[in-house]
Amino acid sequence: MSTNAPFDAIANFYNRRVAEYGHHPRACDYGHAESQKCKFHTLSSALDYTDRSVLDVGCGFADYADHLTESFRGITYSGLDLSPAMIAHARATHPDLDLRVGNILDEDATCCPSHDIVSANGIFYLLGTEAHALMRQLVATMFARCREAVIFNSLSTWADLREPGEFYADPLNTVEWCRKLTPWVTLHHDYLPHDFTVVLRRERNGP
C-alpha cells in the first residue's frame, strides 16, 4: 500500500518541508513549537513509559525520544517514518536509535516486532479521501504490534475551524470503533481545541 497515494504523497510532502526548514517543528507541519510540546506532553503523560520499548510511528526527527527520556528511565525507542529525509536527519542526531524508513502497514513481524507501547503523533491528517478506512487499518495494525498499549492523536471534528484538505476524525466515533479492538479505551480532548488523543490498553488501567 505504501507504493500508492496517499503514502508516497505524504513522504514527498515531508521531504520538501525538511528541504525548506531543516530540523525544525515547521518541517513537521507544526504552526509553532508550542503545539509540538503540548502534544508530546499529552502523549507522554497518559502512560508510564518507564522500562518500556516504544515504537513511534511517523517519528519524524525522533524528537519524541528526547522528550520521553527527560521523564522516564529505561526506554528502548524505535522510530518508523515514511520520509527518507526525516529519517536521515533523525539518524544524524540520534545515531544510537533504531530508526527506519517504512510504512507499518507493509512491515512484517521480523522487520517491525512487537513493542510495549506503539505511539503515533499526527499521522492521519493527510490521508485523503480514504482517511477513515486507513486510520482504522493503521490503528488496528499498531494495536496488533503492541504488548501493552497504543496511543495516537488526530485532528478533531469538534474544532471550530478546519484547514481545507486535512482529515478531521470524530472523537466519539473513533472511540466507538477502537472499543472493537479493546474495551480499555481512554479519550483526551482537553489540551488543544482542535486535537484529541486516544489510548488503547490491552488490560484495564488501575485496580
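In the set (1) out of contact with any helix residue (DSSP H, G or I) (no Cβ under 6 Å at 6 or more places or on another chain); (2) modelled with pLDDT of 95 or more, the condition left unmet by Val118 is number (1).
Residues in the range 168-188 that are in contact (Cβ under 8 Å) with a residue 24 or more places away in the chain and under 22 Å from Ser35 (Cβ atoms): Tyr168, Ala169, Pro171, Thr174, Thr186, His188. Determine whether Leu172 is crowded, with 18+ Cβ neighbours inside 10 Å and either over 25 Å from Arg52 (Cα atoms) or basic (Lys, Arg) (or both). The answer is no for Leu172.
In this structure, does Thr197 turn out to be modelled with pLDDT of 95 or more, of a type outside the set (A, V, I, L, M), under 20 Å from Tyr49 (Cα atoms) and touching a Ser or Thr at 6+ places or on another chain (Cβ under 6 Å)?
On the way: modelled with pLDDT of 95 or more: yes; of a type outside the set (A, V, I, L, M): yes; under 20 Å from Tyr49 (Cα atoms): yes; touching a Ser or Thr at 6+ places or on another chain (Cβ under 6 Å): yes.
In short, yes.
If the condition is being in a loop (DSSP other than H, G, I, E, B) and among the aliphatic types (A, V, I, L, M), then the range 168-188 contributes only Leu181.
Which one of Tyr125, Tyr191 is within 15 Å of the chain's Cα centre (by Cα), at pLDDT 95 or above, of a type in the set (Ser, Thr, Tyr) and within 21 Å of Cys38 (Cβ to Cβ)?
On the way: Tyr191 fails: within 15 Å of the chain's Cα centre (by Cα).
Among Tyr125, Tyr191, only Tyr125 is within 15 Å of the chain's Cα centre (by Cα), at pLDDT 95 or above, of a type in the set (Ser, Thr, Tyr) and within 21 Å of Cys38 (Cβ to Cβ).
The listed residues are Ala149, Ala140, Ala62, and the only one of them that is crowded, with 20+ Cβ neighbours inside 10 Å, in contact (Cβ under 8 Å) with a residue 40 or more places away in the chain and under 15 Å from the mean Cα position of the chain (by Cα) turns out to be Ala149.
Quick test for you: out of Gly165, Gly122, pick the one residue that is in contact with a strand residue (DSSP E or B) (Cβ under 7 Å, 6 or more places away or on another chain) and either free of Cβ contacts under 8 Å to residues at least 60 places away in the same chain or in a loop (DSSP other than H, G, I, E, B) (or both). Outline the logic, then answer.
Numbers: Gly165 fails: in contact with a strand residue (DSSP E or B) (Cβ under 7 Å, 6 or more places away or on another chain).
Answer to the selection: Gly122.
Residues that are out of contact with any Gly (no Cβ under 7 Å at 6 or more places or on another chain), under 19 Å from Phe143 (Cα atoms) and modelled with pLDDT of 95 or more: find the helices (runs of 4 or more DSSP H) completely inside the range 1-90 holding 2 or more of those.
Numbers: elements: 7-21, 33-45, 63-71.
Qualifying helices (runs of 4 or more DSSP H): 33-45.
Report yes if Val199 is touching a residue at least 40 places away in the same chain (Cβ under 8 Å) and of a type in the set (A, V, I, L, M), otherwise no. Against the criterion (touching a residue at least 40 places away in the same chain (Cβ under 8 Å) and of a type in the set (A, V, I, L, M)), Val199 qualifies. Any residue at all in the range 86-100 that's more than 29 Å from Pro193 (Cβ to Cβ), touching a residue at least 40 places away in the same chain (Cβ under 8 Å) and in contact with a His (Cβ under 6 Å, 6 or more places away or on another chain)? Yes, the conditions are met somewhere in the range 86-100. Taking the numbered list (1) touching a residue at least 60 places away in the same chain (Cβ under 8 Å); (2) assigned to a strand (DSSP E or B); (3) surrounded by fewer than 17 Cβ atoms within 10 Å (Cβ to Cβ) in turn, Tyr191 passes all entries but (2).
The values are calculated or read from the model by the stated rules, or taken from the named source; none is laboratory data. Note that the structure is predicted; figures quoted are calculated from it, not measured. Cβ coordinates were reconstructed from backbone atoms using ideal geometry, including for glycine residues, and neighbour counts include every protein chain displayed.
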